[in-house]
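No value in this document is a laboratory result; all are computed from the given coordinates. All values derive from a computational prediction rather than experimental measurement. Cβ sites come from the backbone with ideal geometry, for glycine too, and all protein chains shown count toward neighbours.
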Amino acid sequence: MTERLPAPPEVVRHAVRLLDSQRLATVAVNGADGYPWAATVGYVNEGLILYFVSARDSLRTERLAADDRTAAVVRSGADSADALGVAMTGRAAEVVDLELVAHVNDLIAKCRRDQHAFGAASNAVALFRFSPESLSLVTVSDGRSAPRRFRLDTV
């Protein structure tokens with residue numbers, strides 16, 4: 001595998017604009033059986049950091065408890081001729097700090113008025129924070145995808 005260069009500020013800004021404009025991400029987690037599990041989740045972001053919920057009794061939550069390595073993909077709503085996507089790898093951890101849960105709920109109220117707040121005291125769901133370590137911007141030109149991969153030294 002080739003060494004990835006650090007993501008230039010303009011690439012990060014472009015990725016954040018895309019994340020800000022969308023609501024759904026495909027989140028993939030690892031399983032002890034060696035098979036990945038991917039599903040679509042609603043999210044709210046703060047820069048490149050994504051917050052999402054998962055049912056406590058879900059396969060995703062079970063797998064994240066065992067292995068925090070995660071991938072997330074967000075695609076623009078553009079048609080396939082000029083599609084843009086962001087693919088990130090990193091780690092997801094459950095948010096247990098009630099002040100951070102309140103902060104995430106404030107983000108939802110500010111950015112996603114039609115979404116419901118995350119329940120801080122609910123036992124039915126877990127709130128996760130996805131912190132990316134690498135970033136790929138994917139564009140489509142002449143029907144072919146053109147990914148550009150970068151590492152993220154700090155988020």
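For the chain, modelled as a GNM with alpha-carbon contacts under 10 angstrom, which of Ala126, Ala93, Ala65 fluctuates the most?
Ala65
From the helices alone, meaning DSSP H stretches of at least four residues, give me the mean residue ellipticity at 222 nm for the chain, per-run term -39500 (n - 2.57), in deg cm²/dmol to the nearest 500.
So the calculated ellipticity at 222 nm is -7000 deg cm²/dmol.
Provide the descending list of Cα extents for region 5-143 along its principal axes, expressed in whole angstroms.
48, 40, 28
Given a 10 angstrom Cα cut-off, can you work out which residue in Arg69, Arg144, Arg60 is the most mobile in a GNM of the chain?
Most flexible of the set in this elastic network: Arg144.
Of the candidates Asn105, Asn45, Asn123, which one comes out as most mobile in a Gaussian network treatment of the chain with C-alpha springs shorter than 10 Å?
In this elastic network of the chain, the residue with the biggest mean-square fluctuation among Asn105, Asn45, Asn123 is Asn123.
In debye, nearest 20, what is the charge dipole magnitude of region 5-143 about its Cα centre with +1 on Lys and Arg Cβ and -1 on Asp and Glu Cβ, if you could check?
Using only the charged Cβ atoms, the result is roughly 180 debye.
Under the rule of at least 5 residues apart or a separate chain, name every residue whose amide H is placed under 5 Å from the amide H of Ala7.
Counting only residues 5 or more places away or on other chains, the set is Arg151, Asp153.
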